[in-house]
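Written below as structure tokens is the structure these notes are about.
The values are calculated or read from the model by the stated rules, or taken from the named source; none is laboratory data. Please read all numbers here as calculations on a predicted model, not as lab measurements. Here Cβ is always computed from backbone atoms with ideal geometry, including for glycine, and neighbour counts include all displayed protein chains.
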Amino acid sequence: MADVILVTIAVILRVISNPLANVFQKQLTARKNHPLIVNFLTYFFLSVFCFVLLIFIKIPTLGNSFWLYSILGGIMGALGNGFLVKALDKGDLSVLGPINSYKSVVGIIFGIFLLSEIPNVWGILGIGLIIYGSYFVLDSPDEKFSWKLLKKQEIQFRIWAMILTAIEAIFVKKVILASSTVLAFTSWCFFGALFSFIFLFFYKIPIKNELNKTLKIENLNKFFSLIICIGIMQFTTNYIFDYMPVGYALSLFQLSTIVSIIFGYKFFQEKGIRKKVIGSVIMIIGSVLIILLKN
């Protein structure tokens, strides 16, 4: 019973922290801070916290699988979060947030091959509802849903972010199985910081100038809030992964869809909210089917 309560609390924190982090990311990029710098600094400051944390915990002998999946997860996570921040810089939070519901589909597909987590008929039905609901979310008064919508750069960025972070979730679960939720969290932060830093050179970002511009006093409260939200999001994600299959957990996380739409309306005055809510409810029903009827 205690485990059920703790998992429920973890889910609630995960559902709230993820879209709230998106709000702070969007606010920071709206101030002309480079998305990839925002991404790197988030990982970096979390890594500083983890470095202090490691002083107080006993680290067991870690096998090759831990390091392999940590590196692969770090690459996928740094790329995925970089694409996410770039998408939030250009697009509406109320549209980009719900697109993440496809993440559960990607997670289930890769989970079949890498974790042997096989969905049942109800899981397939849930996936269908998630896809159907997205048509309502992506539809807007200004531009009706069509495949041409996928040509929008912010939508492409968000889709890449979704795919890469879904694959990352599989590797995170592998790291958890090879160690613990705490060590998986620290490896996520360290390797995320490492690879997001490398990507700054790959994209030829003027690091010194961008850091000076970004690390201004007026940005510090946003960064502090963002770091807390991302830290809570990832740690609770790891905790939940330790108790249920990745594909089902990712489906449950789609409850944050409604939160993303509300935040998009409240903080950025985004429009067409009613239809997006209807679509989100359909997607959430699909996610609930996957969770409640997973056995």
Checklist line | Scope the range 4-29; condition among the small types (Gly, Ala, Ser), closer than 15 Å to ASN221 by Cβ and surrounded by fewer than 23 Cβ atoms within 10 Å (Cβ to Cβ); matching residues | finding: none
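With LEU211, LEU220, LEU194, LEU226 as the choices, which residue is surrounded by fewer than 20 Cβ atoms within 10 Å (Cβ to Cβ) and under 21 Å from LEU164 (Cα atoms)?
Values: LEU211 fails: under 21 Å from LEU164 (Cα atoms); LEU220 fails: under 21 Å from LEU164 (Cα atoms); LEU226 fails: surrounded by fewer than 20 Cβ atoms within 10 Å (Cβ to Cβ).
LEU194 is the lone residue from the list that is surrounded by fewer than 20 Cβ atoms within 10 Å (Cβ to Cβ) and under 21 Å from LEU164 (Cα atoms).
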Next item on the list: Would you point out which residue out of PHE253, PHE223, PHE235, PHE263 is modelled with pLDDT of 75 or more and within 24 Å of VAL105 (Cβ to Cβ)?
Entry: PHE253
Note to self: Pairs needed: first member in the range 12-24, more than 15 Å from ALA249 (Cβ to Cβ); second member anywhere, part of a helix (DSSP H, G or I) and of a type outside the set (A, V, I, L, M, F, W, C); C-beta distance under 7 Å; at least 6 residues apart or different chains.
What the structure shows: PRO19/GLY97; PRO19/SER256; PRO19/SER260; ASN22/GLY97; ASN22/SER260; PHE24/LYS222; PHE24/SER225
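When you scan the range 75-146 for helices (runs of 4 or more DSSP H) that lie fully inside it, which ones turn up with 2 or more residues that are at pLDDT 70 or above? Step through it out loud before you land on a result.
Values: elements: 93-99, 102-114, 121-138.
Per the criteria, 102-114, 121-138.
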